[in-house]
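> There's a structure below that I have some questions on.
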Amino acid sequence: MDSISANDSFIHFNKKCYHALNEHLKKNNFSKIFILVDENTHQHCLPIFIDKIETNVAIEIIEIESGEENKNIDTCVGVWNTLSELDADRKSLMINVGGGVITDLGGFVACTFKRGIAYVNVPTTLLSMVDASVGGKTGVDLGVLKNQIGVISNPDLVLIETRFLNSLPVNQMRSGLAEMLKHGLITGESYWNKFLDLSKLSLDDLDELIYESVIIKKNVVLQDPFENGLRKTLNFGHTLGHAIESFYLSDPKKPTLLHGEAIIIGMILACYISTELVGFPKESTLAIKDLFKNYYGHTNIDKSDYASIIDLLKYDKKNNHGNINFVLLESIGKCKIDCIVPEEVITDAFNFYGLK
């Protein structure tokens, strides 16, 4: 359980990470190395990571502010300017050490600087390990609209060092777990059943569960890298989840929802819609709602906000020809893609979520 290949990139775990990176540095004549961090990974992760690098190539550190609100073109411009000021060229290497904001934005910056330089992702949050750093999606938000600008391009390496999770706050761990729960729902009961009693999960279980989650996403991405079919299943819960996340980001009076917290709500809504439209068992929807709410709690969504959230659905990246396309569940492990959902059913789903 040390390394797996993923298309043209390679994913390495724990003790194999630094060996793979140093071999990569030896084989490639990089002119300069740039490490992108935020203030948190600069303090907690960079000292561990940089101590393991074996190279005579000059290393420069670029720090940006953490947070989804900084995942935008303005931040990219700042990083592009810094790269230029530090004499980066087309043989430079970018290493992104951080969560999903860092790997998404850093990958996009690397793909577009001088028409593309090599980059490596070093995810440091659970969410980025099982989702953001794997699959080749890079990009930034457009205002509060999630991931509207970007390209698909795989990093040279993905290095998953689970030791970095030791400094992660509990809410960030829960955010990442949401994507693993999604992988269980869309893949099948074998993986899903491992999460049925979340109270029994410990950090000791994480390495195996993270590995399995990465394998699930890697296998989907290999079969459908450009999201023409199967890869759409990875968006289960994300159509409404992203809209909820964007809405809460846009309103300073609302609490900030982490990505996984919004996706948990989105998955409860999607399960209800699945029951109404494609026959997903009602008892499964009720059980999933109870499981998720017991672990994540309840977010109050005012009925007066439904219309504004629903209006944001038109910006979802899966839409085409004016249609809002949902991923629904016929059963655990069996998805139906490109589903059109009437607005009244979406409203009913919000009402269902609001019932405690």
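The values are calculated or read from the model by the stated rules, or taken from the named source; none is laboratory data. What you see is a predicted model; the values in this text were computed from it and never measured. Note that each Cβ is placed from the backbone with ideal geometry, even for glycine, and that neighbours are counted across all protein chains shown. Ligands, DNA and RNA are stripped out before the accessible areas are found, and what is left, the full protein with its side chains, is counted by its heavy atoms. Shrake-Rupley method; radii C 1.70, N 1.55, O 1.52, S 1.80 Å.
> When you go through Gly116, Gly98 one by one, which is the residue that is buried (at least 24 other Cβ atoms within 10 Å of the Cβ) and either touching a Leu at 6+ places or on another chain (Cβ under 6 Å) or modelled with pLDDT of 95 or more (or both)? Step through it out loud before you land on a result.
On the way: Gly116 fails: buried (at least 24 other Cβ atoms within 10 Å of the Cβ).
Just a single option satisfies the conditions, and that option is Gly98.
> Can you tell me how many residues within the stretch 173-196 are open to solvent by less than 60 Å² (accessible area, probe 1.4 Å), in a helix (DSSP H, G or I) and farther than 23 Å from Tyr18 by Cβ? Before you say what the answer is, go through the steps one by one.
Here is the first cut: in the stretch 173-196, the residues open to solvent by less than 60 Å² (accessible area, probe 1.4 Å) are 173, 175-186, 188, 191-192, 195.
Then keep just the ones that are in a helix (DSSP H, G or I); that gives 173, 175-186, 191-192, 195.
Add one more test, that the residue is farther than 23 Å from Tyr18 by Cβ, and what stays is 173, 175, 177-186, 191-192, 195.
Final tally of qualifying residues: 15.
> Any residue at all in the stretch 197-219 that is under 22 Å from Val122 (Cβ atoms), touching a strand residue (DSSP E or B) at 6+ places or on another chain (Cβ under 8 Å), open to solvent by 60 Å² or more (accessible area, probe 1.4 Å) and part of a helix (DSSP H, G or I)?
No; the residues of the stretch 197-219 include none that is under 22 Å from Val122 (Cβ atoms), touching a strand residue (DSSP E or B) at 6+ places or on another chain (Cβ under 8 Å), open to solvent by 60 Å² or more (accessible area, probe 1.4 Å) and part of a helix (DSSP H, G or I).
> Give me the pairs, please: first residue somewhere in the stretch 233-256 and farther than 18 Å from Leu329 by Cα, second residue anywhere and open to solvent by less than 10 Å² (accessible area, probe 1.4 Å) and hydroxyl-bearing (Ser, Thr, Tyr), beta-carbon distance under 8 Å, and either six or more positions apart or on two chains.
Here the result reads Lys254/Tyr248; Pro255/Tyr248; Thr256/Tyr248, each pair linking the stretch 233-256 to a residue that is open to solvent by less than 10 Å² (accessible area, probe 1.4 Å) and hydroxyl-bearing (Ser, Thr, Tyr).
> Among the residues of the stretch 301-327, how many are under 24 Å from the mean Cα position of the chain (by Cα), more than 18 Å from Ile273 (Cα to Cα) and not in a helix (DSSP H, G or I)?
Of the residues in that region, 2 qualify.
> Just checking: which of the strands (runs of 3 or more DSSP E) contained wholly in the stretch 3-72 hold 1 or more residues that are surrounded by fewer than 16 Cβ atoms within 10 Å (Cβ to Cβ) and either among the acidic types (Asp, Glu) or without any contact (Cβ under 8 Å) to a residue 60 or more places away in the chain (or both)? Spell out how you get there, then give the answer.
Details: elements: 3-6, 9-13, 33-38, 59-64.
Hits in the stretch 3-72: 3-6, 59-64.
> Would you tally the residues in the stretch 249-283 being assigned to a helix (DSSP H, G or I) and over 25 Å from the mean Cα position of the chain (by Cα)? Spell out how you get there, then give the answer.
Initial filter on the stretch 249-283 (assigned to a helix (DSSP H, G or I)): 249-250, 259-278, 282-283.
Checking the rest, the ones that are also over 25 Å from the mean Cα position of the chain (by Cα) come to 275-278, 282-283.
Counting residues in the stretch 249-283 that are assigned to a helix (DSSP H, G or I) and over 25 Å from the mean Cα position of the chain (by Cα) gives 6.
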